[in-house]
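Nothing in this text is a laboratory measurement; each read-out follows from the coordinates by a stated rule. Predicted model, so just to flag it, every value in this text is computed and none were measured. Reconstructed Cβ throughout: ideal geometry from the backbone, glycine too, with neighbour counts over all protein chains shown.
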Amino acid sequence: QNALLSATGTTIFTVMSALATEHGAINLGQGFPDYDGPEDVIDAAAAALRDGRNQYPPMAGVPELRQAVAAHNRRFYGLEVDPMAEVIVTSGATEAITACLMAVLNPGDECVLIEPLYDTYLPVVKLLGAIPRLVRLTPPDWALPRAELAAAFGPRTKAILLNSPMNPTGKVFDAEELEFIAGLVRLHDAYAICDEVYEHLIFDGTRHVPLMTLPGMRERSMRVGSAGKTFSLTGWKIGYITCDRGLAANVAKAHQNLTFTTPPNLQRGVAVGLAKDDAYFEGLSTHLQAKRDLLAAGLAALGFGVLETKGSYFITADFRPLGFTGDDVAFCRALTMEAKVTAIPVTAFYASAEAPNHYARFAFCKNEALLSEALARIGRWI
Ligand code: PMP
Ligand code: GLN
């Protein structure tokens with residue numbers, strides 16, 4: 001059997017969701033909304049199911065969705081994209097990220113990853129025989145250590161994988177950080193895989209800036225989006241990649257060998273979604289921002305050291321001020337079993353055991369009544 005996979009544990013999201021179910025806990029662990037996505041998007045997919053759109057669609061995605069992705073890139077970021085040559089639809093951003101890594105990495109190539117990191121990145125880089133070069137952000141503000149990042153790039157660097165807005169930290173890389181990263185990518189003639197699944201879940205009036213829009217980055221970047229996040233439909237697993245035509249052929253071949261195609265009826269729904277008016281996208285972030293504010297204020301009032309969240313579904317909070325002396329795994333287990341609220345230990349987002357172990361990640365993509373109930377339960381417990 002494959003040794004790397006044998007050494008990989010079951011994902012923390014599955015582990016903690018199972019524990020939540022077992023103990024009747026409110027699940028603020030795995031990041032999924034407890035509300036449905038837009039009705040017109042769901043209706044369009046349902047109609048497509050009834051309309052006979054149930055056989056293999058074109059490999060790179062139904063033209064309607066590829067056109068919608070291109071139009072979305074132009075509308076929000078001023079990117080001119082050829083829908084037929086530069087957009088590939090995948091079964092979720094998870095597949096998209098894997099396909100992008102497969103498209104550019106050869107065994108022995110180095111890939112720069114930033115910790116804390118989403119849990120699929122490292123196993124996939126390693127399975128491809130590439131060498132991860134890990135650089136850690138520094139809490140509590142998750143600052144980018146520029147000298148360390150520069151030192152992680154070298155003659156064997158093929159790519160960097162950047163997640164902004166970032167899971168689990170809620171960090172949004174600012175313009176200067178993006179320019180610094182782009183400078184390294186250009187200098188080392190590398191590629192950037194940009195996990196931008198939270199592009200529309202960004203708060204306080206901040207605008208998302210794709211790395212792809214920076215000078216010299218159009219041809220080097222692979223930009224990944226997810227309908228799961230943008231339409232609050234995480235089970236749909238529709239992702240989309242935007243990249244230069246020179247990269248798209250290889251990305252398409254990776255997709256061809258992973259899943260080949262993605263359900264056409266759901267693609268139809270997502271095409272309708274991406275064409276929604278600006279009010280939808282603004283509403284998505286303002287509604288979520290209110291939830292962030294509710295949970296952040298509630299956790300702070302309970303005594304947590306709440307870190308700032310500028311985007312994503314997540315708040316990270318330091319539980320040491322509560323007087324809890326165990327590590328984050330012990331805290332999240334006790335919180336689930338005793339308080340009946342589930343969170344994710346942030347060490348799950350690190351490659352090695354030596355990591356900050358006093359933060360828990362809470363998802364706030366939930367109805368406000370549920371968030372309030374979770375806060376009340378924690379309040380009774382501490
Ligand atoms: N990247 C990040 C940072 C995520 O948080 C997620 C979803 N949890 C994904 C990728 C995967 O997205 P999808 O569900 O579309 O595969
Ligand atoms: N991306 C979601 C999270 O970070 C969950 C993804 C998953 O369950 N694999 O919570």
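At-a-glance table
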quantity: Above-threshold pairs, the threshold being 21 Å between Cα atoms, out of Lys229/Lys366; Lys126/Lys158; Lys171/Lys229; Lys237/Lys276; Lys237/Lys366; Lys229/Lys340; calculated: Lys229/Lys340
quantity: For region 261-356, alpha-carbon Rg over 2.2 N^0.38 Å; calculated: 1.46
quantity: Extended-chain gain in nm, criterion 0.36 nm per residue less alpha-carbon gap, Thr206 and Glu219; calculated: 2.1 nm
quantity: Rel. contact order, % - alpha carbon contacts under 8 angstrom, at least six apart, the chain; calculated: 25 percent
quantity: Neighbourhood net charge (13 Å Cβ-Cβ; Lys/Arg +1, Asp/Glu -1) for Cys365; calculated: +2
quantity: Charge context of Glu308, other residues only, Cβ under 13 angstrom, K/R +1, D/E -1; calculated: -2
quantity: Cleavage-rule hits (chymotrypsin sites (Phe, Trp or Tyr not before Pro)) in region 1-88: DSSP loop, at most 16 neighbouring Cβ within 10 angstrom; calculated: Tyr35
quantity: Rg ratio (alpha-carbon, reference 2.2 N^0.38 Å) - the chain; calculated: 0.96
quantity: C-alpha center-to-center spacing [region 237-301, region 126-160] in angstrom; calculated: 25 Å
quantity: Point-charge dipole on Cβ atoms (K/R +1, D/E -1) for region 39-276, about Cα centre, debye to 20; calculated: 440 debye
quantity: Efficiency of FRET from Cβ geometry, Asp82 and Leu370, R₀ 41 Å, rounded to 0.05; calculated: 0.40
quantity: Whole-Å distance, taken between Cα centres, linking region 307-367 and region 61-108; calculated: 33 Å
quantity: Cut-off under 5 Å, modelled amide H: who pairs with Ala192 long-range; calculated: Ile160, Ser221, Met222
